[in-house]
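To keep things clear, I will list the structure first and then write my remarks on it.
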Amino acid sequence: MAVQLNYLAKKGWKPKNSDENYLITLLKVELSKVALKEAKGKSLKKLFEDAVASVASESSTGTWTSVYSGKGSGIPLSAKKRAMAYDLDYKNLMFKVAYPIDLFELDNVSGLLAGIVGNIAGMKMVSAMRVYDIRFPKKMIQAFPGPKFGVQGVRKLLKKKKGPLIVTVPKPKIGRTDKEQADLARVLFTSGNGTYDGIKDDENLTNLDFNNYNKRCKLVLSELRKAEKKTGNKKFYLCNTTHSNLDKMVKRANMIKKNGGIFMMMDVITTGFSAVDTIRRRNLGLAIHAHRAMHGFMTRDNSPGVHGKGKLNGFSISMVTIAKIFRLLGVDSLHGGSPLAKMEDYGEAEYIQKILQEKENKPHNQIPSLGQNWHNIKPVWMTASGGLHPGDFEFVLDKLGEDIILQCGGGLLGHPNGVEAGVIAIEEARDLAMNKISFKKFVKDNPKSELANAINLWGYGPRIVY
Ligand code: CAP
Ligand code: MG
């Protein structure tokens, strides 16, 4: 029910022509002890129905009590535009909510989220909640430009028809001067066979006394241009423009453009949806690399119910949902997690690669999901990163395909024979994986290779405790 209006659909109800008329969400809740106490005598089934109706109500047109409904009350329209909870799974406490599209300003993600996931996690009625997925209707998809370049646009800029892009974040994360960072860029870009693609600022490297943004941007891009001349290969620099003052970010982006850069990087969670939307719609002529620093406080939930079956303990929004939002907002590459990474992905990285790159997503059979038709929205590069090293390439490329940015920070700079050797090991790993040549056989036949040296140190697979 949900007090004044009914927000709970009849069993079997489905939103008509939902891809045209509705935005759909998929959630799971746990009923709180206070709710169970307050609803003494009510069956769990009934209480679950009340909870999902309240979620639909609180996230669309309702509130906790009946309100004035006479002339000018808005009640008739709120009844017409109200959301409906449906497809209740009483065993796993999961359900969907259908929101009529008229509830939303189509090109406004911040307004949308304030509605559908605004207050609901605050409700005392529930003790846990996870939003697994959002399915955007066609008109909302078409209200966004999507990525300016996407996978193919960046490939064109880099004159690189196939294969992953290999990139490194200098480690230590912070510590090099701007000049030393540019020196490292030269080594990365010109060592080995000169095919190393990129260098990336760390998520917390901004404008510091010993590493000035403007100097770093100029120096690294100047080394990049020299390396392009020397090697004949296009290179890129994911230069971190992140700042809580959007005007400063735009200035930093223009600095990259002025110095011939093709990519800008931004921490999309800490700067926010408005920052990403604004930067994208400003069309600064740069591809946008999205780092998701801080996402874990939103997306992580280590409880058994993280994929629907079993108890849920926390309040979270899945990375599947977050990835969809940033594809819609138009980033060109996004950290989406990776198999074998030091970071938790709940086994979702492969599905997230599909979310970022397929024209039409189908729901996954284990990860609670709704699928999505992306219409005009271009595919986005998946960035696989976090504790990765050359020994992982065979598996990661096999699982995620080649439209990925493969980032190794420690996995290059920690090579036992130094930085140049780290570059060589990664180039070898990329080429072997692309040609489907077994790493184990290669290492056996080439025990002195830099790849072998890396694998002797790190083996195959992640280091969880470090
Ligand atoms: C990786 C990294 C990235 C994480 C982000 C780090 O360094 O630079 O920020 O991968 O996580 O700071 O940890 P290493 P995610 O290569 O040395 O591990 O990609 O999961 O968003
Ligand atoms: Mg980092």
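Observations on the structure shown:
- Every test in (1) buried (at least 23 other Cβ atoms within 10 Å of the Cβ); (2) away from ligand 1 (no atom under 14 Å from the Cβ) is passed by residue 356 save one, and that test is (2).
- For the residues 175, 192, the requirement of being of a type in the set (Gly, Ala, Ser), surrounded by fewer than 19 Cβ atoms within 10 Å (Cβ to Cβ) and in a loop (DSSP other than H, G, I, E, B) singles out 175.
- Test: residue in region 82-102 that is in contact (Cβ under 8 Å) with a residue 40 or more places away in the chain, farther than 20 Å from residue 31 by Cβ, of a type outside the set (A, V, I, L, M, F, W, C) and surrounded by fewer than 16 Cβ atoms within 10 Å (Cβ to Cβ): no
- The sole residue among 324, 311 that is under 22 Å from residue 32 (Cβ atoms) and modelled with pLDDT of 95 or more is 311.
- Tally, over region 229-266, of residues that are in contact (Cβ under 8 Å) with a residue 12 or more places away in the chain and either outside any loop (DSSP other than H, G, I, E, B) or in contact with a Leu (Cβ under 8 Å, 6 or more places away or on another chain) (or both): 26
- Test: residue 341 is within 30 Å of residue 456 (Cα to Cα), modelled with pLDDT of 95 or more, buried (at least 24 other Cβ atoms within 10 Å of the Cβ) and within 16 Å of ligand 2 (Cβ to nearest atom): no
- Scanning region 391-402 for residues that are buried (at least 24 other Cβ atoms within 10 Å of the Cβ) and either part of a strand (DSSP E or B) or among the aromatic types (Phe, Trp, Tyr) (or both) yields a total of 1.
- Hey, residue 352 under 30 Å from residue 88 (Cα atoms) and either within 16 Å of ligand 2 (Cβ to nearest atom) or assigned to a loop (DSSP other than H, G, I, E, B) (or both) or not: no
- Within region 109-136, considering residues that are in a strand (DSSP E or B) and of a type in the set (A, V, I, L, M), the one farthest from the chain's Cα centre (by Cα): 126
- Filter pass, residue 445 being farther than 19 Å from residue 197 by Cα and charged (D, E, K, R): yes
- Residues (crowded, with 20+ Cβ neighbours inside 10 Å, assigned to a loop (DSSP other than H, G, I, E, B) and within 16 Å of ligand 2 (Cβ to nearest atom)) located in region 403-460: 408, 409
- Pairs where the first residue, in region 1-14, is over 15 Å from residue 62 (Cβ atoms) and the second is modelled with pLDDT of 95 or more and surrounded by 20 or more Cβ atoms within 10 Å (Cβ to Cβ), C-beta under 6 Å, 6+ apart: 13/86
The values are calculated or read from the model by the stated rules, or taken from the named source; none is laboratory data. In this text, all values refer to a predicted model and were calculated from it rather than measured experimentally. So basically every Cβ, Gly included, is an ideal-geometry build from the backbone, and we count neighbours across all protein chains shown.
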